[in-house]
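What follows is one structure encoded as structure tokens, with my remarks underneath.
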Amino acid sequence: MTDTVNMFESFDGQQLAWREMGQGRPLVLIHGFFSDAQTNWIKYGTAEKLAAAGFRVIMPDLRAHGQSARPHDAAAYPPDALARDAEALIAHLGLTDYDLGGYSLGARTTVRVLARGVAPRPRRVVLSGLGDEGVTDTGRRTGFFRSVLTGFGSFVRGDREFMSQAFLKTTGGDPVALLGILDTFVDTPPQALAGFDLPVLVVAGVEDDEVGSFTGLVAMLPDARFVEIPGNHMSAVTRPELADAILPFLTG
């Protein structure tokens, strides 16, 4: 089973990439910061497992990531740019009956799509690798990522930035473009989350302590359930248990 790469024009003319795998019910999955669709969803078999179960898995590369445009102009990174990109892809594909989800920054982007209410409402939502602080206090870790990107290449094993630097090297990321992403972050208040009256799955690694409380996020959502899988914030996305948690939620 192979994936294809396509391009579309987003809300501001930027050329963004998306991959697809499988046929059936549309499922849009958005990757995390510093990553891309290939690394997040395809490399470790998550997309293939979902596609084999009857889903058309649609996986964009966020702007400044993967095969999408990597502009260095600050004007290319307005608030909520990533949610607007997702809305543009959903509109481009003409999706009206679909499921939506993401990992880490991709899950936060999913939250912003719901909060904005511009795109057609998905049937079900998957928020993986995202806790309450990652939604309501997006600035908490911005300083850390700014340090990784501005000091890229200078960190050595033992530095707290080292693992993020190493990951960014493996994905071939552009530190200048990725700095712009930090300016797109928008907090979503608890009262907005309380209006998400659709089924939500929150799934995360049992050792993930980077994005706040997962049960805290579940408590703010009117129809959410929580599944723990092995791993931490960086490793849980590589686990087969991620697809194993998502599938029964989407097919149940």
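The values are calculated or read from the model by the stated rules, or taken from the named source; none is laboratory data. These figures come from a predicted structure and were not determined experimentally. Cβ placement follows ideal geometry from the backbone for every residue including glycine, while neighbour counts extend to all protein chains displayed.
General remarks:
- Residues of region 92-130 classified as over 13 Å from the mean Cα position of the chain (by Cα) and either surrounded by 24 or more Cβ atoms within 10 Å (Cβ to Cβ) or of a type outside the set (S, T, N, Q) (or both), total: 18
- Strands (runs of 3 or more DSSP E) fully within region 1-78 counting 3 or more residues that are over 17 Å from the mean Cα position of the chain (by Cα) and either of a type outside the set (S, T, N, Q) or under 25 Å from Thr184 (Cβ atoms) (or both): 4-9
- Looking only at region 181-236, and only at residues there that are farther than 19 Å from Arg121 by Cα and of a type in the set (Asp, Glu), the one that is surrounded by the most Cβ atoms within 10 Å (Cβ to Cβ): Asp208
- Residue tally, condition touching a residue at least 12 places away in the same chain (Cβ under 8 Å) and farther than 23 Å from Trp41 by Cα, over region 159-178: 3
- Hey, Ala75 under 24 Å from Pro222 (Cα atoms), out of contact with any Asp or Glu (no Cβ under 6 Å at 6 or more places or on another chain), at pLDDT 95 or above and surrounded by fewer than 20 Cβ atoms within 10 Å (Cβ to Cβ) or not: no
- Only residues that are under 19 Å from Asp132 (Cβ atoms), outside any helix (DSSP H, G or I) and among the hydrophobic types (A, V, I, L, M, F, W, C) were counted across region 225-251, and they come to 3.
- The residues listed here are Leu130, Leu95, Leu100, Leu89; of these, the one that is assigned to a helix (DSSP H, G or I) and modelled with pLDDT of 95 or more is Leu89.
- Among the residues of region 144-159, the ones that are surrounded by 15 or more Cβ atoms within 10 Å (Cβ to Cβ) and in a helix (DSSP H, G or I) come to 4 in all.
- If only residues of region 131-143 that are crowded, with 20+ Cβ neighbours inside 10 Å and out of contact with any Lys or Arg (no Cβ under 9 Å at 6 or more places or on another chain) are counted, the one that is farthest from Asp174 (Cα to Cα) is Asp132.
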